[in-house]
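Report on one structure; see the data block that follows.
Readers should treat all values here as calculations from the given coordinates under stated rules, not as data from a laboratory. None of the values given here were measured: they were computed from a predicted structure. Neighbour counts are summed over all protein chains in view; Cβ atoms, including those assigned to glycine, are modelled from backbone coordinates with ideal geometry.
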Amino acid sequence: MDYRKLTTTEIEVLSSRGCTAESWDSVKVATDFNPERLSRVRMSGHVALGSFNATLSLAGGVKLAAGIYNVILHNVTIGNDCLIENVHNYIANYEIGSGTIIRNVSIIVTDGLSRFGNDVEVSVLNETGGRQVMINDKLSAHTAYIMALYRHRPQLAERLAELSKYYADKHASNIGTIGKNVTILNSGRIENVRIGDGAVIRGASRLSNGTISSTVEAPIKIGHNVIADDFIILSGSEVDSGAMLSRCFVGQACALGHGYSASDSLFFSNCQGENGEACAIFAGPFTVTHHKSTLLIAGMFSFMNAGSGSNQSNHMYKLGPIHQGILERGSKTSSDSYVLWPARIGAFSLVMGRHVSHPDTTHLPFSYLIEDDNNTYIVPGVNLRSVGTIRDAQKWPRRDKRPTDGRLDFINYNLLSPYTIQKMFTGRKVLRRLLKSSGELSDEYTYFGAKIKNKALHSGIRYYEIGITKFLGNSIIKRLEKLTDPSDEAIRAALRPDTEIGHGEWVDISGLIAPKSEIDHLLDGIEDGTLNRLHCINAEFQRMADNYYTYEWTWAYDRIGEFFGIDMEQITAADVVKIVEKWREAVVGLDRMVYDDARKEFSLAAQTGFGADGDKNDKEHDFEQVRGDFDNNPFVTEVLAHIERKTALGNELIARLKA
């Protein structure tokens, strides 16, 4: 914007309206500046003012003229058509974008050189330190995961710390910024805070040393009585209703409120926290906790739902809070569950009761962990047939509130992936080894301090084989869906992988599922300086996400040969037909289990509490009016439709190959 000096007439008008300046020569204004839009404004340092000609609309239909009223300004630049009034102390060292409204605020100040929350150290997982993550407004869940967990590579940790410090220093300033079309109303102290476009701050008590990285497409909302110190909040998030944050990172499209309290914690995309408390947690994407009595402490989570009264302990009353735990993606805790860290719970598992034996079920995914008489019992694989597991997998992508552009976390929503299927392969080996070592007729088997009953062990092997068959069958059908030549040679050519990337182990880097070889390659690039900027690292994560299905097929190709006992270079149409037939049986069988599990939600027991003052018919009718009937339930109809689609898909490929 082009600024000019005030005219003598404008200075006279301003003075008549109670405005003063330390030096009128230090005040610059826009070409069409209107002095009538200022009243009782005291100015010092260098002040630049836009034009204030618009009329702004507030909630309730109130319309107010843009301008500056009853404010002290020191070293402030203000854009066009802003409304700033009744700042009880002053605004100092800020650039304010056009269209912004600031009313009834205590103080807005940048005091000295500030990094605005960038490079704050968050002591995640271990309260006593050792796994600090340096936060910034470009931090992804995947970079943070590496910072926190890859401490066995000290040079890597040093390089990431250097990159974070470089970014923070590059964006440090003694002038804060408030973006365009920001609204700040009835709030307390705002100190050393950078605020992006479109942000709405209503009634916040204190905001100190932070970045509110709002955008017009995904504005951030900060609500009443919020206190936040040393923080980063990314686009699309909402922090409201007395939430208290200290040394925290809040990722894109998160929601924290209803008195939620968090310290030294990281929350990534689409997390929700209400009523409870978090301390030193790494909350990966879609971590959800809603209950006042729930404490999450020193744990790593993702796609997790914490039941009411869930709790953990991160020390064993000896050397203090130095222990930590991991609940792998998709895990849940039931009401009043408890886990004594250290422990590690396998993917998509359910924790019920109190567990103090430090279970490690990473190789037994989709399990129940149940407490009975102070013992931990594992029911392997049973969560594969749970209607809740399938529903969760379907709802996560629908509940992603982030705009398509500008996403920092690259989230893989697949329930079955090389990450979970490799665990099923290992889990099947583990269960078979327990059978062999302890005998087929044993009532119980012991695994890492936990117990597995005989029937549960045999069922677990069956569930894992169904899951493996389903995934590998899905992969081969997808690979051959456009095949027109059913000859053996054409099939072999179509099945050969497009890349060598994907062999071996896969990892879940807080939402991103990728070959470990690619992650190792990334880490090498950081250590040797090839990747020397945060945006370069994020670009590599995006590349892995974009090529997921190409890499997945390389992995599946190896496993198909291993699981079905086939030389893939000699595979025939007849072999594929057998695989698809097994796949069809597995898919339909698993869907039938899910269907039966869903039926339980409509049982007579589930209707208890309905039809409060009526007879059995009233109860059934009341239940149907509230919950609907089983046959027309959208999820149930989708399960049946899924059976039909998959059956038809398998039949079509079989017919094509047999032709």
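Quick notes
- Of all lysines in the structure, the ones whose alpha carbon falls short of 20 Å from that of LYS455, not counting any fewer than 8 places away in one chain, are LYS429, LYS436.
- In sequence order, calculated HN-Hα J values of the stretch 296-301 (Karplus, 6.51, -1.76, 1.60; Hz; x Gly/Pro): 10, 9, 6, x, 10, 9
- For the stretch 1-109, the extents of the C-alpha atoms along the principal axes are 40, 27, 27 Å, listed from largest to smallest.
- Across the chain, counting alpha-carbon atoms alone, Rg and Dmax equal 29.6, 101 Å.
- Of all beta bridges that DSSP places with both ends in the stretch 1-109, some 20 percent have antiparallel geometry.
- Over 30 Å (Cα to Cα) - which of LYS170/LYS395; LYS63/LYS138; LYS165/LYS395; LYS5/LYS138; LYS165/LYS516 fall in this group: LYS170/LYS395; LYS63/LYS138; LYS165/LYS395; LYS5/LYS138
- Rounded if a/c under 1.5, otherwise prolate or oblate - the stretch 112-168, Cα gyration tensor axes: prolate
- Within the chain, helix-based [θ] at 222 nm, where runs of 4 or more DSSP H residues each add -39,500 (n - 2.57), nearest 500: -10500 deg cm²/dmol
- For THR177, the residues whose amide H sits under 5 Å from its own are GLU95, ILE195, ignoring neighbours fewer than 5 places away on the same chain, with H placed 1.01 Å from N.
- Rounded Å value of the spacing that divides the Cα centres of the stretch 641-659 and the stretch 116-186: 50 Å
- Within-12-Å neighbourhood charge of ALA545 [Cβ basis; K, R +1; D, E -1]: -3
- The separation of the stretch 501-534 from the stretch 4-19, counted between C-alpha centres, amounts to 61 Å.
- When the stretch 197-314 is reduced to its Cα atoms, the Kirkwood hydrodynamic radius in Å: 13.6 Å
- Electrostatic tally near ALA494: other residues with Cβ closer than 14 Å to its Cβ, Lys and Arg +1, Asp and Glu -1, net -1.
- Dimensions of the stretch 103-234 along the principal axes, based on C-alpha atoms and rounded to the nearest Å, stand at 50, 30, 27, largest first.
- Of the GluC sites (Glu not before Pro) found in the stretch 153-237, those in coil by DSSP whose Cβ has at most 15 other Cβ atoms within 10 Å are GLU217.
- For the stretch 212-217, putting each phi into the Karplus relation 6.51 cos²θ - 1.76 cosθ + 1.60 with θ = phi - 60° gives couplings of 10, 7, 7, 9, 4, 6 Hz, in residue order, rounded to whole numbers and with x for Gly and Pro.
- Among the trypsin sites (Lys or Arg not before Pro) in the stretch 296-367, those placed in a DSSP loop whose Cβ has at most 15 other Cβ atoms within 10 Å are LYS318.
- Residues in the stretch 111-122 carry Karplus couplings, in order, of 10, x, 5, 10, 9, 6, x, 5, 6, 5, 8, 9 Hz; the curve used is 6.51 cos²θ - 1.76 cosθ + 1.60 with θ = phi - 60°, and Gly or Pro positions show x.
- Net +/- balance of residues flanking ILE281 in space, Cβ distance below 14 Å, scoring K and R +1, D and E -1: -1
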